[in-house]
Amino acid sequence: MIVMKFGGTSVQDAKAIERAGAIVNGRLEQKPVVVVSAMAKVTDQLLAMARAAGAGDRKTALKLCRALQERHYNTAGELLGTALFTQFHSDLGADFETLEELLRGIAAVGELTPRTTDYVSAFGEILSSKIVAAAFSALGMNSALVDSRDWLVTDSAHMRAAPLFEETNQKLQGKVAPLVAGGKVPVMGGFIGASKAGITTTIGRGGSDYSAAIAGAGLGAERIEIWTDVDGMMTTDPRMSADARRIKVISFDEAAELAYFGAKVLHPATVLPAVQKNIPVYILNSGNPECEGTRITARAPRCRNSFKAIAVKKRITIVDVAAPRMQLAHGFLSSIFAAFDRHRVAVDVVSTSEVSVSLTVDSNESIPPLAADLAKLADVKYEGRKAIVCLVGENLRDTPGIAARVFGELADVKIRMISQGASEINLTFVVEEDVVSDVVQRLHKTFFSDLDPEVFA
């Protein structure tokens, strides 16, 4: 049995869904379970209408909803033909009636809560999974629609819910495994689940990859395939370096580091359930299914290159917390991180001295209230328009002088917050955002000019 996840661009319209159907049809002997994202840009549109309703702008919210309804109707009509679409029309219509009622309720109250945000944003995966399941049936496959809220059990932390694995695995074995055993192709949405009380939750943006890995681990899959719109993981972002190349095989640890530090092709949490069960993950291109993609395994073959890839995370802010009057005070660091926890702000890189701490955070976070809270403990300042550069490779552990080579190449660049991760497989530093493309190009030319053919395409 395999799990196949198709991202938003892989189900964005009728042609994309037909391509996905052909790919799944070619793997029927391997007993596929299919996980789909919302159609491309749909989650953004759902959140936009939710915000409009929360601001009391019911007219805009309903206008956006009806445009989305037309898009889904048109896609389903192209895939199913007149007769089948006539039967399917009322099912989609009922979902959009529910969504409209929800938006009217939000607008009437004038408040958008995390719980209602989850309910609105879940419609993307609900609708796409229904259309894809119907399209697969029209293509002759024995598909079975599964509502992910019936198997993915989470806590009640809306918008960032955490899966409850014991309950989830029981549900997978009870509801999904029998469908596979009966020769059916289960089709279900990613990203969404439900609390123990049955309330709709979401596991965070990009969570469809995570859903696929959870399903794969719970069902004991032979492999997990992530189908997207690129040929696999690359040595760096091709938009920054035209010399970027595909990575054929990479370790779980390396992939997780790259994903966390900006490699958008993979959700950072995806690899965790797969690692625990030692299930290989493949990154594949639904627009180019003949490409072998990238294979992510527990242990990758030895590579003669120092690094596997360079990842970049832009729109970073450095927060400096300096407290000379509190040097060596017990609990100072814990107080700082408690403030970040209270504001639910994630930290990427940390650098400490005896009297100060520097941390990097996503610039999209609400930093001013965090800084006001930290100011109760120490002197605080923050600087935006920074970027994190992260070089990843397992050879870093055993290669003396590698940092000297990296920073020797960048002798004329202002470098901030140098860090070698606890995993010993990444070298990370911060630069000004306006020089990051030049930095990446120079490093890529230095470290990826002669590639190991066993590891790179």
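The values are calculated or read from the model by the stated rules, or taken from the named source; none is laboratory data. Keep in mind it's a predicted model, so treat the numbers as computed, not measured. Positions of Cβ are generated from backbone atoms using ideal geometry, with glycine treated the same way; all protein chains shown enter the neighbour counts.
Scanning segment 224-245 for residues that are more than 17 Å from G7 (Cα to Cα) and of a type outside the set (S, T, Y) yields M234, D237, P238, R239, M240, A242, D243, A244, R245. Would a scan of segment 413-422 turn up a residue that is closer than 17 Å to I316 by Cβ, at pLDDT 90 or above, among the hydroxyl-bearing types (S, T, Y) and in the same structural domain as Q441 (by TED's automatic domain parsing)? No - not one qualifying residue is present in segment 413-422. Of everything listed in (1) surrounded by 22 or more Cβ atoms within 10 Å (Cβ to Cβ); (2) more than 23 Å from R205 (Cβ to Cβ), the single unmet condition for V132 is (2). Against the conditions (1) under 23 Å from the mean Cα position of the chain (by Cα); (2) crowded, with 18+ Cβ neighbours inside 10 Å; (3) within 20 Å of S143 (Cβ to Cβ), L79 satisfies every one except (1). If only residues of segment 433-451 that are under 10 Å from S241 (Cα atoms) and not aliphatic (A, V, I, L, M) are counted, the one that is surrounded by the most Cβ atoms within 10 Å (Cβ to Cβ) is H444.
Of the residues screened, L391 is one that is out of contact with any Gly (no Cβ under 9 Å at 6 or more places or on another chain), part of a strand (DSSP E or B) and surrounded by 19 or more Cβ atoms within 10 Å (Cβ to Cβ).
Restricting the first member to segment 132-153 and to residues that are basic (K, R), and the second to residues that are at pLDDT 95 or above and part of a strand (DSSP E or B), the beta-carbon pairs closer than 7 Å and six or more apart or on different chains are R149/I192; R149/G193; R149/A194; R149/T200.
Can you list the helices (runs of 4 or more DSSP H) lying wholly within segment 55-170 that have 2 or more residues being closer than 30 Å to L28 by Cα, at pLDDT below 95 and among the aromatic types (F, W, Y)? Output list reads 58-109. Within segment 237-286, the residues that satisfy the criterion of being touching a strand residue (DSSP E or B) at 6+ places or on another chain (Cβ under 7 Å), under 17 Å from R205 (Cα atoms) and either of a type in the set (K, R) or in a loop (DSSP other than H, G, I, E, B) (or both) are F261, G262, A263, V265, L266.
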